[in-house]
1. Look through segment 106-117, keep the residues that are open to solvent by 60 Å² or more (accessible area, probe 1.4 Å) and in a strand (DSSP E or B), and return whichever of them is farthest from THR31 (Cα to Cα).
2. With respect to the numbered conditions (1) without any contact (Cβ under 8 Å) to a residue 40 or more places away in the chain; (2) at negative phi; (3) not in a strand (DSSP E or B), which one is the sole condition not fulfilled by GLY103?
3. Working only within segment 118-133, note down all residues that are assigned to a loop (DSSP other than H, G, I, E, B), open to solvent by less than 10 Å² (accessible area, probe 1.4 Å) and farther than 13 Å from LEU151 by Cα.
Amino acid sequence: PPRSTPSNSSAASDVYKRQAIASADELDFETIDAYVDGVLYSNIERDSSKLEVNPGDLLQFNINVENKFPRSERMEIDGIEMTVTINDIKGTDDLYFELREFGLDEGEETNKEVSFNIPEDVIPGDYIVEIRAAGTDDNGELQKARFVFPLKILRRQRDLYLHKPEIIPAGALC
């Protein structure tokens, strides 16, 4: 079965129980919306228990990232690196997306979009999605955010999936 990457086993257990785990400094994920095949499916922070997809679906995240320092502090966060990972979705391999480095002024927020094509040959089951961001503020302190939530991959009962079909000639008949 897929394994998680949260740092302790109780966190992993919570995620598999379909509960999201969040941690943040002054860099934070304000909202995370999930779209399946272009249709808004769920606001992850409010309803992480409903994110379910099928093999072949296009899964998109619209992630709002915010510098929570008040404008009065005049504290930018620069060199923000952000990643989104679906752990172990391809056997022991992850689906991984790394966004280009960016910065945020105090009180500023931005939206980042990430898309994944769910592989046709993925094994149905529970997987872990992990979103991480980290950057350095003007005092040289590391500011980071992390959000981990479950993803369930279903297989439609009535659909037939052919993965790498082959046609083998039966031979010549006389």
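The values are calculated or read from the model by the stated rules, or taken from the named source; none is laboratory data. Quick caveat, the model's predicted, so the values are computed rather than measured. Don't worry about glycine lacking a Cβ; one is built from the backbone with ideal geometry, like all the others, and counts go over all protein chains shown. Surface accessibility is based on the protein's heavy atoms, side chains included, excluding ligands, DNA and RNA. Shrake-Rupley method; radii C 1.70, N 1.55, O 1.52, S 1.80 Å.
1. The selected residue is ASN117.
2. The single condition GLY103 does not satisfy is (3).
3. Going residue by residue through segment 118-133, those that are assigned to a loop (DSSP other than H, G, I, E, B) are 118-124.
Keeping just the survivors that are open to solvent by less than 10 Å² (accessible area, probe 1.4 Å) gives 118, 122.
Once the filter is applied, which keeps residues that are assigned to a loop (DSSP other than H, G, I, E, B), open to solvent by less than 10 Å² (accessible area, probe 1.4 Å) and farther than 13 Å from LEU151 by Cα, segment 118-133 yields nothing.
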